[in-house]
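Student: Take this structure, written in structure tokens, and hold onto it; I'll ask about it next.
The values are calculated or read from the model by the stated rules, or taken from the named source; none is laboratory data. Worth saying up front: this structure is predicted, and the values here are computed from it rather than measured. For neighbour counting, all protein chains shown are included, and Cβ atoms are generated from backbone atoms with ideal geometry for every residue, glycine included.
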Amino acid sequence: YAWSGGGTSANKTASSSGTYTVTVTASNGCTDTESLSITQDISTPTAGITNNDGTTVLTCSQTAISVTATGGGTYSWSGSLGSSSGASITSAGTYTVTVTSSNGCTDTESISVTSNTTAPTAGITNNDGTTELTCSQTSISLTATGGSSYSWSNSASTANTSPTSSGTYTVTVTGSNGCTDT
């Protein structure tokens, strides 16, 4: 056996693309030639991650972030997110998807997710300095603090309320991240 590019054994390992030709010589001196063209596909996929929610911050109101991997035939997510193109991230961290194309080549892409689940600190300021309604003190002005929105037990929905009847008044304060304190 005589291979183009060198070699005299019956077996030849092709490690690059090209045309490989072997000339076989029989014991009687007669020869025959055969050629084989080898092509190479080592193109890598282009991994991508589409953030379907447009945020990378988990909050009390945004408890999951939906992402979709793009660019290949099969997908493998880190962090136990599975092997489908779509995933739902529910914990802070860096998540990597490995995209594998049909030729076995791979590419990776990552997304980092943070968490902001700090509850606000609710407060109530008694603007009148008294907790007793009388004939001369017919209402008590209260102001809630610590959040971006407020919900009072007397159905008021602003930071200020002025109760006109006795009772216990509670305010639920909601921060910009959706977390609450009462």
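Student: Where residues in region 112-146 are in a loop (DSSP other than H, G, I, E, B) and β-branched (Val, Ile, Thr), which of them is farthest from Asp53 (Cα to Cα)? Lay out the reasoning, then the answer.
Tutor: Within region 112-146, the first condition is being in a loop (DSSP other than H, G, I, E, B), and the residues that meet it are 117-122, 127-141, 146.
This time we only want the ones that are β-branched (Val, Ile, Thr), so: 117-118, 121, 130-131, 134, 138, 140.
Numbers: Thr117: 17, Thr118: 21, Thr121: 28, Thr130: 48, Thr131: 46, Thr134: 53, Thr138: 49, Ile140: 44 Å.
Going through the qualifying residues, I end up with Thr134.
Student: Could you list, in sequence order, the residues of region 80-111 that are without any contact (Cβ under 8 Å) to a residue 24 or more places away in the chain, part of a loop (DSSP other than H, G, I, E, B) and surrounded by fewer than 14 Cβ atoms within 10 Å (Cβ to Cβ)?
Tutor: If the condition is that a residue be without any contact (Cβ under 8 Å) to a residue 24 or more places away in the chain, part of a loop (DSSP other than H, G, I, E, B) and surrounded by fewer than 14 Cβ atoms within 10 Å (Cβ to Cβ), then Ser80, Gly82, Ser83, Ser84, Gly104 are the ones that fit.
Student: Restricting the search to region 138-175, which residues are surrounded by 13 or more Cβ atoms within 10 Å (Cβ to Cβ) and closer than 29 Å to Thr56 by Cβ?
Tutor: Once the filter is applied, which keeps residues that are surrounded by 13 or more Cβ atoms within 10 Å (Cβ to Cβ) and closer than 29 Å to Thr56 by Cβ, region 138-175 yields Gly146, Gly147, Ser149, Tyr150, Ser151, Thr172, Val173, Thr174, Gly175.
Student: May I pose another question? Please determine whether any residue of region 52-68 is modelled with pLDDT of 95 or more and over 30 Å from Ser149 (Cα atoms).
Tutor: Of all residues in region 52-68, those modelled with pLDDT of 95 or more come to 52-68.
Then drop every residue that is not over 30 Å from Ser149 (Cα atoms), which leaves 68.
So far as region 52-68 goes, yes, one or more of its residues are modelled with pLDDT of 95 or more and over 30 Å from Ser149 (Cα atoms).
Student: Further question: Tally up the residues in region 149-179 that are over 12 Å from Ala122 (Cβ atoms) and either of a type in the set (S, T, N, Q) or not in a loop (DSSP other than H, G, I, E, B) (or both), please.
Tutor: Of the residues in region 149-179, 14 are over 12 Å from Ala122 (Cβ atoms) and either of a type in the set (S, T, N, Q) or not in a loop (DSSP other than H, G, I, E, B) (or both).
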